[in-house]
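Here, each number is a calculation from the coordinates, and none is a lab measurement. Worth saying up front: this structure is predicted, and the values here are computed from it rather than measured. Glycine gets a Cβ as well: all are built from the backbone with ideal geometry, and neighbour counts include every protein chain shown.
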Amino acid sequence: MTKDSIINGCMKVEKSAAAIYHKLMMKFPEKKEFWKELFDDEKNHISFLKDVKSLGLTDVMEKTDPLPSRKIINETLRLADDLKVKISSDSVSFKKALVMALKLEESMVETYTNKLIADLIACEDEVSHKKIVADEKTHIRKIKKMMK
């Protein structure tokens, strides 16, 4: 599997996550701002990954953690597809939506993408690196806090 195909797979996961958060914004309008923050972050991740590809920074990927396998990417995409179907049904409660979002955020591909972004930024700007790492942890914390 080439580095470009891995980046493409990660972008598909980010796009799926953004689509899920968009659906959740519509389904739970009283919590729209919460879901919008997560949606906006996913859109930013997509833009960043596009930049990595277009600027030829994929070599930096090899200096980070091992790349996610095609199998892990496909499993995460299946998870995202399942979540989209469940969200489209009227039976998903807000609490269940939070559990599903947490599961997606803790997936291997999401974790890898966030680490990749942080590592690439660390090469250029320590302050941005710290912000990305903090943002990654904030996603999970926000979802867990909302679950209480």
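Here the calculated FRET efficiency for residue 81 and residue 27, from their Cβ-Cβ distance with R0 = 22 Å, stands at 0.85, rounded to the nearest 0.05.
Taking the inverse of the mean 1/r over every pair of distinct Cα atoms in segment 8-49 gives a Kirkwood hydrodynamic radius of 10.1 Å. Between residue 94 and residue 55, the modelled labels are 3.9 nm apart [label points 7 Å from Cα along Cα→Cβ]. Cβ-Cβ distance of residue 70 and residue 148, R₀ of 30 Å, FRET efficiency by 1/(1 + (r/R0)^6): the value works out to about 0.25.
If packing is taken as the average count of other Cβ atoms within 10 Å, what order do 42-48, 70-76 fall into, highest mean first?
On the way: 42-48: 18.3, 70-76: 16.4.
So the order, starting with the most tightly packed, is 42-48, 70-76.
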